[in-house]
Amino acid sequence: MITKRMLLLAIMALGFVVGTDRGFAQAWPTRTVKFIAPFAAGGTSDTLGRIAAEHLKDKLHQQLYVENRVGAGGMIGSHEVAAADPDGYTFVISGIASHVIAPAFSRNPSYDGLRDFTHVAYLGGPPVVLVVHPSLGARSFKEFLDLARRAAEGLNYVSSGVGTHGFLFAEDMARREHFRLTHVPYKGSNPAVLDLIAGHVKIGAMAWSSAVEQIRAGNVQALGVSSQNRLAGFPDVPTFRELGYPDLVAATWFSLSGPAKLPSAISHRLNAAVVEVMQAPDVQKQFAREGIESKSLTPEEFTAFVESETARWAPVAKAIGPLDSN
């Protein structure tokens, strides 16, 4: 039988735990915080991580730095964070590629994108764009489809890496439309874009922010984009929705996640700081130029978002098949 004394002691104990958790968060961080970017320097993951780290040091009154740990569609760097102590000093620039798509593609993923992480904050995300080198001779998405279907040996294309959102879009498109694409893997968007504009590979599927400067310069042509509406400044680039793919409205989102069992008070404190940073006028100006949209989500709302994205995209990745060998 539970007595009044027992109930009072339980309430006091709970209050002590909550108070300790809050006190820990107020004291945190007392040393340098590391953000692991699981993709190459210069890509959107790296860029967003560095924007966050640069602005957060003033909010948190502590140094933060970004370390690139590249490979396996973002799984190498992400695994390192999943295995880290949940003490608030190691985070990953997570996202749809590393925490939804790559684990679904893998035969033996080294982590679960939901269970093995504490999802803290949404940073932002650009749409996916299909681009071609002018020498391909496709000036519209229809011309691209016609050319791809006629290519008996198939066509080569680049993305930011196996398991990225652009990779998934290209493979899914080829499967739907019954043509053959061969992926040329790169560790990040920068080397992929360099070979694309040089004409070594004629097709690219990647985040808009990775290709937008080359689109502006006329070095590549954008044939379709996964945004809900046409992007400001690019009225001639149709959306995939307009092109007959209403389900291909999506962002290549990036986020901030820590190991599982990260103290809730730290998660909420960091989330509040990130939301404030992402809405800063200078950050929003940069985002607008690169087609990146941010969302103000609590840790609970963001975790629910990751769950919904996993339910949406993991089956698509699994239908394409395991790709550990790529």
**Study point:** Length-normalised contact order of region 48-196 in % [C-alpha pairs under 8 Å, at least 6 apart]
**Key:** 20 percent
Exercise for review: With N denoting the number of residues in region 114-272, provide Rg(C-alpha) divided by 2.2 N^0.38 Å, to two decimal places.
Suggested key: 1.15
Exercise for review: Please tell me the relative contact order of the chain in percent, rounded to the nearest whole number, where contacts are Cα pairs under 8 Å and at least six residues apart.
Suggested key: 26 percent
Exercise for review: At a 1.4 Å probe radius, which order do 285, 34, 261, 57 fall into by accessible area, largest first?
Suggested key: 261, 285, 57, 34
Point to revise | Order of exposure, largest accessible area first, which applies to 119, 55 with probe 1.4 Å | key: 55, 119
**Study point:** Formal net charge of residues neighbouring residue 262 (Cβ-Cβ distance under 10 Å; K, R +1; D, E -1)
**Key:** -1
**Study point:** Value of [θ]222 nm, deg cm²/dmol, for the chain, DSSP H segments ≥ 4, -39500 (n - 2.57) each, nearest 500
**Key:** -14000 deg cm²/dmol
Practice item. Based on alpha-carbon positions alone, could you give the equivalent ellipsoid semi-axes of the chain from the gyration tensor, as √(5λ), descending, whole Å? Key: 40, 20, 17
Exercise for review: Excluding residue 174 itself, calculate the net charge of residues whose Cβ lies under 12 Å from the Cβ of residue 174, where each Lys or Arg counts +1 and each Asp or Glu counts -1.
Suggested key: +1
Review point. Based on Cβ point charges of +1 for Lys and Arg and -1 for Asp and Glu, what charge dipole magnitude is obtained for the chain about its Cα centre, in debye rounded to the nearest 20?
Key: 240 debye
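Counting every Cα pair in region 49-205, what percent are over 28 Å apart?
Cα-Cα pairs of region 49-205 separated by over 28 Å account for 32 percent.
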**Study point:** Partners for residue 187 among aspartates and glutamates (Cα-Cα distance below 13 Å; same-chain residues under 8 apart left out)
**Key:** 46, 195
Check your understanding: Which values of log₁₀ I(q)/I(0), to two decimal places, follow from the Debye formula for region 189-326 at q = 0.11, 0.13 Å⁻¹ with a uniform point scatterer at every Cα?
Key -> -0.56, -0.78
Revision key, fill the gap. Heavy-atom accessible area of residue 70, protein chains in place, probe 1.4 angstrom, given in Å² to nearest 10, is 50 Å²
Practice item. Give the accessible area for residue 67 in Å² (nearest 10); use a 1.4 Å probe, count only protein heavy atoms, and leave out ligands, DNA and RNA. Key: 60 Å²
Study note, to complete from the structure: Surrounding charge for residue 133, neighbours by C-beta under 11 angstrom, Lys/Arg +1, Asp/Glu -1, total 0
Check your understanding: On the accessible surface of the chain, probed at 1.4 Å, how many percent belong to carbon and sulfur atoms?
Key -> 55 percent
Practice item. Rank these residues by their accessible area, most exposed first, probe 1.4 Å: 80, 276. Key: 276, 80
Point to revise | Whole-Hz ³J(HN,Hα) from phi, Karplus 6.51 cos²θ - 1.76 cosθ + 1.60, for region 242-255, glycine and proline x | key: 5, 7, x, 10, x, 7, 9, 10, 6, 10, 7, 7, 10, 7
Practice item. Run through the DSSP bridge list for the chain and note the antiparallel percent, rounded to the nearest 5. Key: 60 percent
**Study point:** Solvent-accessible heavy-atom area per residue, rounded to whole Å², over the chain at 1.4 Å
**Key:** 45 Å²
Review point. Using Cα pairs under 8 angstrom and six or more residues apart, how large is the relative contact order of region 147-223, in percent?
Key: 35 percent
Check your understanding: For the chain, with the dipole built from +1 on Lys and Arg beta-carbon atoms and -1 on Asp and Glu ones, taken about the Cα centre, which of 226, 253, 183 lies farthest toward the positive end?
Key -> 253
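The values are calculated or read from the model by the stated rules, or taken from the named source; none is laboratory data. Because the structure is predicted, anything quoted here is derived from the model rather than measured. FYI the Cβ positions are ideal-geometry reconstructions off the backbone, even for glycines, and counts take in every protein chain you see. Only protein heavy atoms, including side chains, enter the accessible area calculation; ligands, DNA and RNA are left aside. Shrake-Rupley method; radii C 1.70, N 1.55, O 1.52, S 1.80 Å.
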